[in-house]
1. What number goes with the only condition from (1) within 8 Å of another protein chain (Cβ to nearest Cβ); (2) of a type in the set (V, I, T); (3) under 16 Å from A:P59 (Cα atoms) that A:V95 does not pass?
2. In segment A:108-158, which residues are among the hydroxyl-bearing types (S, T, Y) and in contact (Cβ under 8 Å) with a residue 24 or more places away in the chain?
3. Inside segment A:72-86, can you point out the residues that are within 10 Å of chain B (Cβ to nearest Cβ) and either over 13 Å from the mean Cα position of the chain (by Cα) or open to solvent by 10 Å² or more (accessible area, probe 1.4 Å) (or both)?
4. Kindly check whether there is at least one residue in segment A:172-186 that is within 10 Å of chain B (Cβ to nearest Cβ) and open to solvent by less than 10 Å² (accessible area, probe 1.4 Å).
5. List the residue pairs whose Cβ atoms are under 7 Å apart, where the first residue sits in segment B:58-69 and is free of Cβ contacts under 8 Å to residues at least 12 places away in the same chain, the second is open to solvent by less than 20 Å² (accessible area, probe 1.4 Å) and not in a helix (DSSP H, G or I), and the two are 6 or more positions apart or on different chains.
6. Taking the residues in segment B:75-114 that are open to solvent by less than 60 Å² (accessible area, probe 1.4 Å) and of a type in the set (A, V, I, L, M) as candidates, determine which candidate is nearest to A:S55 (Cα to Cα).
7. Test each condition in (1) outside any loop (DSSP other than H, G, I, E, B); (2) within 10 Å of chain B (Cβ to nearest Cβ); (3) open to solvent by 40 Å² or more (accessible area, probe 1.4 Å) for A:L122 and report the one that comes out false.
Amino acid sequence: MSTVATAQPKLWAGGKSPFNVEYGKVMMWYFLMSDTFTFAAFLIAYGTVRFSANSWPDPNEVFNTFPFAPEGVHTPLVFVSIMTFILIVSSVTMVLAVQAGHHNDKKAVVKNLILTIIGGALFLGCQAWEWTHLYHEGAWWGKNPFLNADGTAPTVNFTNFFFTITGFHGFHVFTGVIINIIMLIMTLNNTFEKRGHYLMIEKAGLYWHFVDLVWVFVFTCFYLI
Amino acid sequence: MEYSTNSHGDYSAIKKEIWKVTLILSLLTIIELVFGFWIYAQPTMGEGLKWTLKGLIIILMLSKAFYIVAYFMHLKHELRTFIMTIILPLISFVWIIFAFLYDGNSFKDLRNGFDRHHKAQSKVKAVKPAATHNNTKKQEHGH
C-alpha cells in the first residue's frame, strides 16, 4: 500500500494512468461488470419467481444421475461437483498461464493454456451430457416433467430458468475456450514474444475466471439451495 | 502511459499463493457439498436448520467469489481507486436482491390470500406427466 500513498497526491494530475492498469484490462473489467449485471438479472429473476411459488421441484431429485450409472442408482450432487472441480482446476491453470506470461516463460504459458482448454472442453462435455439426459427425461424450455417437492403439479418456470441460465453460462464457457485457443495460437506464433509482453493472456484470464465465478453462483442457486 | 505489469513478488511466492487459494476454494466447495448432502439426506429436517444451512452455503459461495476475484483476478493488488469503480456499482445488488425477493414473497402471499382457486390448485397432488416425454414424442414422429 506504500506505493498508493506516494502515488495518491498526483493520481489525477495527468500524465499517467490513475488506475495504474492497462487500457485493455480496464475495459475487460468493465465488460465483465456489465456481464455481472446480466447474470445477476437472470438469477434474481429466478429467485423472485421461486419465492413467489408455493412449491418448487427438489434439485436433488432432478439432478441425481451420473453417466453410465445403472438404472435406479441416485447420485445427487456428484456429477455437478465434478463439473465444479473441473472449472476450479481450469481456473488455476489459467492463473499459472498468466503468471508464466509475466515472466515471459513461453513453454509454461503453452502448457497451462492447453490444460485450461482441456478443462473447458471437459466442462462443456459434462454440460452437453447433462442437457441431453434431461431432454430425454422430458425436460426442455416449456416442458417440465419434474413434480414439485411436495408432489404438486410443476410449472415450466423451473426448466425455463435452468436451461436459460446454464445455457447462457455454457455459451460463456464456449466463448472462453475459443478465446483461449486463439491465445494459444498467438503464443505458438510468437506474437507475444515479439510484442515483448503477454498482457493479452491476462485479459483472456480475467474472462475465464469470470466464467468460473459465475458458475460458483449458478451451481449454488440451482443445485444446492 | 506508464503502468506496472503486476509482476510484484517472485515467481515461486506467487505460485505458492495460487496453490493456497486453490486449496481454500476446494475446501469451501467440499463444505458446501457436505451441507448440500446433509439437506438431502435428512428430508425430515426442521425448517430452522434447513434455512441456517442454506444461509451458510450462501456465505461460503460469497467467500469463494471473494477469493476468485481478489486473487485469481488479481483485483486485491490493483489500486484502491480502480477497485472502487468495480465494487461500488455492485453494492446496489444488496438492495436489488432484497427488494426483488421480498416482492416475490409478497406476491405469493397476496395471491394465496385473494385467489382461493390458485391456493386450492397448488395443494392438489399430481402424477408425473409421462405424455410430454421427449423420447416417446420422437418415436411417434418417427425421427
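The values are calculated or read from the model by the stated rules, or taken from the named source; none is laboratory data. From a predicted model like this one, the values you see are computed outputs, not experimental measurements. Note that each Cβ is placed from the backbone with ideal geometry, even for glycine, and that neighbours are counted across all protein chains shown. Keep in mind that these areas ignore ligands, DNA and RNA; they rest on the heavy atoms of the full protein, side chains included. Shrake-Rupley method; radii C 1.70, N 1.55, O 1.52, S 1.80 Å.
1. Checking A:V95 against (1) within 8 Å of another protein chain (Cβ to nearest Cβ); (2) of a type in the set (V, I, T); (3) under 16 Å from A:P59 (Cα atoms), the one that fails is (3).
2. To start, the set of residues in segment A:108-158 that are among the hydroxyl-bearing types (S, T, Y) comprises A:116, A:132, A:135, A:152, A:155.
Of everything in segment A:108-158, those that are among the hydroxyl-bearing types (S, T, Y) and in contact (Cβ under 8 Å) with a residue 24 or more places away in the chain turn out to be A:T116, A:T152, A:T155.
3. In the first step, residues of segment A:72-86 are kept if they are within 10 Å of chain B (Cβ to nearest Cβ); the result is A:74, A:76-78, A:80-81, A:84-85.
Of everything in segment A:72-86, those that are within 10 Å of chain B (Cβ to nearest Cβ) and either over 13 Å from the mean Cα position of the chain (by Cα) or open to solvent by 10 Å² or more (accessible area, probe 1.4 Å) (or both) turn out to be A:H74, A:P76, A:L77, A:V78, A:V80, A:S81, A:F85.
4. For segment A:172-186, residues within 10 Å of chain B (Cβ to nearest Cβ) and open to solvent by less than 10 Å² (accessible area, probe 1.4 Å): absent.
5. none
6. Taking the candidates together, the pick is B:L101.
7. Here A:L122 clears every test but (2).
Listed here are the residues, each with its yes/no results for (1) assigned to a helix (DSSP H, G or I); (2) β-branched (V, I, T); (3) within 30 Å of B:K128 (Cβ to Cβ).
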| site | (1), (2), (3) |
| --- | --- |
| A:F146 | no, no, yes |
| A:D150 | no, no, yes |
| A:T155 | no, yes, yes |
| A:F161 | yes, no, yes |
| A:I165 | yes, yes, yes |
| A:G170 | yes, no, yes |
| A:I181 | yes, yes, no |
| A:M186 | yes, no, no |
